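Note sheet for the following structure.
The values are calculated or read from the model by the stated rules, or taken from the named source; none is laboratory data. Predicted model, so just to flag it, every value in this text is computed and none were measured. Neighbour counts are summed over all protein chains in view; Cβ atoms, including those assigned to glycine, are modelled from backbone coordinates with ideal geometry. Accessible surface areas use protein heavy atoms only, side chains included; no ligands, DNA or RNA. Shrake-Rupley method; radii C 1.70, N 1.55, O 1.52, S 1.80 Å.
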Amino acid sequence: MRLAQALPSLIALGLMTSCKAAPERIQFSNRDKSQVDDGDLGRDKTDQDQVEEDDSGDVKDSDKDSKGSTEQPSKDTPEQDKNDQSKPNPSKSAEELLKESSTKALSDLDTYLKSNKPLADLTKQSFAETALTKEAAEDSRKKIFEALKQRESDSRSKEINSLAVNADGKTMKYLVKTFGAKPEKGHSLYISLHGGGQTSQQENDGQWTNQIELYKPAEGIYIAPRAPTDTWDLWQLPHIDKLIERMIANYIITGQVNPNRIYFMGYSAGGDGLYQLGPRLADRIAAGAMMAGHPGDASPVSLRNIGFSIHVGGNDTAYDRHKLGAEWLQKLKDLRQENPDGYQSFGQIVAGKGHWMDLVDAEAVPWMAGFTRNPFPKKISWHQDDVTHERFYWVKNDKVKAHTELNAEINGQTIKVADNMEGKVFIRLNDGLIDLSKDIVIERNGKKSAALKAKRSIRVIAETLLDRSDPEDVFTVEFEAP
């Protein structure tokens, strides 16, 4: 009778218990997928069963005997949340998250560099695409260049001591003299091209050995290279650019020269070369000096951001050198008038002098020394010569074509590009050129991009540094122009 009387109450109690709400589940909208796959949902994995508490306070396992367990429902307490570092912290700012990702990328970079894997493969690593802070980008630049020096300084020093460089299947010998004490940032570097040309090897050798004696800068490493060929255009051929860039890299990697104090000069056929090489490699040098040469089909457009001097004898009538020299001096003056912030020039048509000017032209050496390269000018003008280049200052063109031109300017957060180049044009930036924390707009030939967000990366840093081995000419961000 007592059992029959109690039965309705027991049934009711059972129904109440079965209808009791389950403990609230924790939301994991931003969990690491690997944690989810492993079954880690942010709670203690020692008990995967649902635990319930009845009205009397006794603990019961809903699926099996509790065996004396006294665990409470697994909803985390605020203190547990605080100590669980695996969980995403919604209170972290974008700046804090960027710092965290930068720290991890730098750690991965350190590991890669210590592994002695090829530096050329650095741009292919996944961490190379991680967004970096300004400080982490600078640290990356320093680390990569330091690794480059450690790996290549010995071999580059041996190449310097051999007095020859090799590139593009050619060898270029040279003579060298050093003047003055070495400044803290390294010597200036003067590369002086001899005359001669379409003549015998003996005659060109004589011009070469004469060139090393011509000019004496107050300070610097003064080099007179020997052209690999004995042709009229001995300093204008495509291998010359690569040989000279190899030479520059050797002296930069070994810490002997300041990358922002490099100067080109040349006499006669060497002057012909300067008319061509000065514009082609304008973004590598601070200034150039042309003596007694002929411009051929060269253009002065690319000289916007360097100094350029011209000296020709007034009686040097062969090939109209004196007339063409005067025309170029006027062109540079006109360009300067149109662009007051660029095209600085110097020189003269030396009255009463012929092809040999009795070293009146030597006045160009101290004038050049007054220039220091600005690797990041806000305005650039680029004319592609017959010998083309993919990169010029902060612009890259992936489909180069001779005799095309580009003008680009950074004004505030807007970059305007006007060009007739084929293929894609890429804009490379760093914190010295533009405010990377703000939106950026790029306009190419009237077509504007949407507002762009900058992302500094090890990939762009490594690509631009290793391309030239120049730590002073490095970018952190790259955009494709529309």
Would you be able to say whether some residue in segment 163-179 is touching a Ser or Thr at 6+ places or on another chain (Cβ under 6 Å) and buried (at least 22 other Cβ atoms within 10 Å of the Cβ)? no
Considering only residues that are among the β-branched types (V, I, T) and under 14 Å from L274 (Cα atoms), which ones fall in segment 189-218? I191
Just wondering, is there one or more residues in segment 385-395 that are part of a strand (DSSP E or B), farther than 28 Å from E138 by Cβ and either open to solvent by 30 Å² or more (accessible area, probe 1.4 Å) or in contact with a Lys or Arg (Cβ under 6 Å, 6 or more places away or on another chain) (or both)? no
Of the conditions (1) open to solvent by 10 Å² or more (accessible area, probe 1.4 Å); (2) closer than 21 Å to V350 by Cα; (3) among the hydrophobic types (A, V, I, L, M, F, W, C); (4) touching a helix residue (DSSP H, G or I) at 6+ places or on another chain (Cβ under 6 Å), A298 satisfies every one except a single condition; which number is it? (2)
Report every pair of residues separated by at least 6 positions or lying on different chains whose Cβ atoms are under 6 Å apart, first residue within segment 333-353 and more than 14 Å from G307 (Cα to Cα), second assigned to a helix (DSSP H, G or I) and modelled with pLDDT of 95 or more. I349/H322; I349/G325; I349/A326; V350/V360
Taking segment 309-322, which residues are open to solvent by 80 Å² or more (accessible area, probe 1.4 Å) and farther than 18 Å from G270 by Cα? N315
Scan segment 417-464 residue by residue and report those that are without any contact (Cβ under 8 Å) to a residue 24 or more places away in the chain and within 17 Å of the chain's Cα centre (by Cα). D435
Is one or more of the residues making up segment 189-198 among the aliphatic types (A, V, I, L, M), open to solvent by 50 Å² or more (accessible area, probe 1.4 Å) and either within 18 Å of W235 (Cα to Cα) or in contact (Cβ under 8 Å) with a residue 12 or more places away in the chain (or both)? no
So how many residues does segment 323-354 have that are surrounded by 15 or more Cβ atoms within 10 Å (Cβ to Cβ), of a type outside the set (S, T, N, Q) and under 19 Å from G278 (Cβ atoms)? 14
Selection from segment 204-237 of residues free of Cβ contacts under 8 Å to residues at least 12 places away in the same chain and open to solvent by 40 Å² or more (accessible area, probe 1.4 Å) yields E213
Of the residues E443, E478, E409, which is assigned to a strand (DSSP E or B), buried (at least 18 other Cβ atoms within 10 Å of the Cβ), modelled with pLDDT of 95 or more and of a type in the set (D, E)? E478
Matching residues, segment 126-142, being within 14 Å of T464 (Cα to Cα) and either open to solvent by 40 Å² or more (accessible area, probe 1.4 Å) or in contact with a Lys or Arg (Cβ under 8 Å, 6 or more places away or on another chain) (or both): A128, A137, E138, R141, K142
Going through segment 446-465 one residue at a time, which ones are under 16 Å from W394 (Cα atoms) and either part of a strand (DSSP E or B) or of a type in the set (A, V, I, L, M) (or both)? A454, R456, V460, I461, A462, L465
